[in-house]
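The structure appears right after this line, and notes come after that.
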Amino acid sequence: MDLDSGAGLLHVLTSYSPGREWDVPPEDPRVRQDLKSNDPETLPPQVKRYPDGLPTLPLPRDLPDPGVPASAVLSGMVSPPQPLDAAQLGRVLFLGAGVVRTSDRNGRSWLFRASGSAGARFPLEVYAVTRGVAGVEDGVHWYDPVAHSLVQVGPATGGDATTLVVTGVPWRTGWRYRERGFRHLYWDAGTLLSQLEAAAASAGLDPRLRTGFPDDAVRDLVGADGVHEFPLALLTFGAGAPAIEATGAAAPGELPPVEFPLVTAAQRAGDGTVLGEPWPVGDEVAAPGTAETVDGVVRRRGSQRRMDRSQSLPREALDWPMAAALRGIDVPHWVAVHAVEGVEPGIYRWPDLGDPIATGDLRSELVRVSLGQSLSGEAAYVVIAAVRAGSLDDRGYRAAQLAAGLVEGRLHLAAYAVGASATGMTFLDSEVPALLHEPGDLVTLLFTCVGVPEYKARAGGRPGAPVDVRAVMPRMVD
């Protein structure tokens with residue numbers, strides 16, 4: 001990866017280090033200096049907007065839960081196939097991108113989706129490109145997460161298999177995180193895809209994830225412009241050719257015209273022209289005997305803001321979630337253990353929990369490296385994804401960030417399935433190599449904290465009936 005251009009340059013210019021606050025941009029002309037982070041006056045809309053008059057299909061609000069345990073799905077067990085109709089497609093979309101909670105803050109209503117998002121920015125859009133879905137016309141449809149409906153934005157396509165297209169809106173996350181929000185697009189896409197994947201797999205729909213595709217063609221397919229919105233990943237149901245061959249123009253919709261040139265350049269540097277192979281599914285792993293379904297776990301899942309550092313987790317609450325989360329993923333991960341029964345506190349490179357890299361109480365060090373966020377010290381363990389810069393190119397950087405988000409999302413679901421909780425976390429890039437005893441060219445991707453919850457959040461609501469929640473603020477350490 002070239003550190004002087006494309007994704008490499010963006011990574012360097014958006015890396016955190018001691019001595020500069022996270023919301024202060026570096027003094028470099030390639031980073032926008034004229035935008036104020038978290039400015040209420042420039043807050044972007046939480047969902048995309050389309051003009052009235054486009055064909056709209058309300059999806060059934062009674063979700064057909066297949067009744068398959070989340071632990072079985074996350075472990076890779078094959079579920080009996082369910083009919084792919086409007087209700088089942090709506091279920092999959094809702095369990096990934098639907099609005100499940102709301103909260104009033106400073107006179108605004110905030111929409112919380114089923115999957116997690118850094119800073120509650122939810123910078124993603126989802127399109128369903130349908131082929132042969134009972135009750136849904138073949139075509140390109142934008143999923144409206146508020147109304148739980150499909151808005152047809154494009155005509156029927158070529159290809160065989162219904163495909164979900166996940167796109168990113170840079171300004172929606174850049175409003176808070178500036179150009180570093182490019183990373184958050186892919187982290188959030190991974191967490192979303194973990195839930196879309198689990199929901200589809202529990203219905204026996206055989207989901208296939210791709211991050212290699214012809215970018216220009218997929219942009220045109222969904223009406224994205226490649227600057228204010230661009231495609232991140234495809235999720236196809238079944239082994240057929242993805243239905244991404246456009247036969248006509250798509251309605252573009254409306255987004256605020258705010259650009260981060262550094263983000264645009266990083267994305268375009270990794271653009272491709274051919275359809276890649278799907279990601280490997282990974283071998284099945286032994287599942288714990290928990291019975292709660294995917295639907296139940298997803299609705300309970302939240303981004304935990306406080307954990308009980310006086311409590312420990314059993315060893316199986318580390319071993320199984322990690323094994324399940326990393327099925328088919330080859331991005332290296334480390335585990336900083338604070339309080340797991342039968343494992344000495346320290347740092348380990350997964351899966352070798354018998355040979356620590358460092359030992360002792362590292363809670364304070366983890367808090368320091370995660371910018372004073374106390375959750376990294378309160379957790380029972382912290383999972384760290386990282387990869388050497390020399391192993392990446394511009395496209396590989398995108399895929400690695402998404403893979404880290406996918407693992408984080410699976411860890412989230414697995415933690416809740418066994419009675420724990422989880423949250424994703426950012427970090428001081430410059431401090432992680434020394435923490436892990438690795439060379440300085442390490443590209444840190446994402447932290448995930450797993451631990452014992454200090455409180456229980458309200459389960460999310462159903463389509464059209466999100467529950468109102470009160471925000472819980474995490475503790476910060478000076």
message = Once each part is reduced to its C-alpha centroid, what is the distance from the range 1-67 to the range 148-171 in angstrom?
response = 20 Å
key: Exposure of D308 as accessible area (Å², to 10), given a probe of 1.4 Å and all protein chains   = 50 Å²
task = Before rounding to the nearest 500, sum -39500 (n - 2.57) across all DSSP H runs of length at least 4 in the chain and divide by the residue total; then give [θ] at 222 nm in deg cm²/dmol.
result = -8000 deg cm²/dmol
note = For the chain, the accessible surface attributable to carbon and sulfur atoms (probe 1.4 angstrom, ligands and nucleic acids excluded) amounts in percent to 51 percent
query = How much length is gained if the chain between V146 and D352 is pulled fully straight, taking 0.36 nm per residue apart and subtracting their Cα-Cα distance, in nm to one decimal?
reply = 69.7 nm
inquiry  = So if the hydrodynamic radius of the range 98-239 is defined as the Kirkwood radius over C-alpha pairs, what does Stokes-Einstein give as its diffusion coefficient at 20 °C and 1.002 mPa s, in µm² per second?
reply    = 136 µm²/s
inquiry  = Please report the accessible area of I244 (heavy atoms, 1.4 Å probe, ligands and nucleic acids excluded) in Å², nearest 10.
reply    = 20 Å²
request  = Ignoring everything but the protein chains, give the 1.4 Å probe accessible area of M77 in square angstrom, nearest 10.
outcome  = 80 Å²
ask   = Over the Cα atoms of the chain, what is the Rg over Rh ratio if Rh follows Kirkwood?
value = 0.94
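Per residue, what accessible area does the range 1-141 have, given a 1.4 Å probe and all protein chains present, in Å²? If you can, show how the numbers build up before the last one.
Numbers: 6440 Å² over 141 residues.
Here the residues of the range 1-141 average 46 Å² of exposed surface.
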Label zone at R268 (point 7 Å along Cα-to-Cβ), backbone N below 20 Å, the range 155-181 = 167-172, 174, 179-181
request  = With θ set to phi - 60°, apply the Karplus curve 6.51 cos²θ - 1.76 cosθ + 1.60 along the range 62-74 and write out the HN-Hα couplings as whole Hz, x wherever there is a Gly or Pro.
outcome  = 8, 7, x, 5, x, x, 8, x, 4, 4, 5, 5, 5
request  = Grab the beta carbon distance between A241 and E137, set R0 = 22 Å, and tell me the FRET efficiency rounded to 0.05.
outcome  = 0.65
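Scan the range 425-478 for chymotrypsin sites (Phe, Trp or Tyr not before Pro) in coil per DSSP, keeping those whose Cβ has at most 12 other Cβ atoms within 10 Å, and list them by number. List each step's numbers first, then the result.
Numbers: sites: F427, F447, Y455; in loops: F427, Y455.
Loop-located and lightly packed - Y455.
The values are calculated or read from the model by the stated rules, or taken from the named source; none is laboratory data. In this text the structure is predicted, and so the values were computed from the model without any measurement. A quick note on method: Cβ atoms are made from the backbone with ideal geometry, for glycine too, and the neighbour counts reach across all protein chains shown. Just the protein is used for accessible areas: all its heavy atoms, side chains included, with ligands, DNA and RNA removed. Shrake-Rupley method; radii C 1.70, N 1.55, O 1.52, S 1.80 Å.
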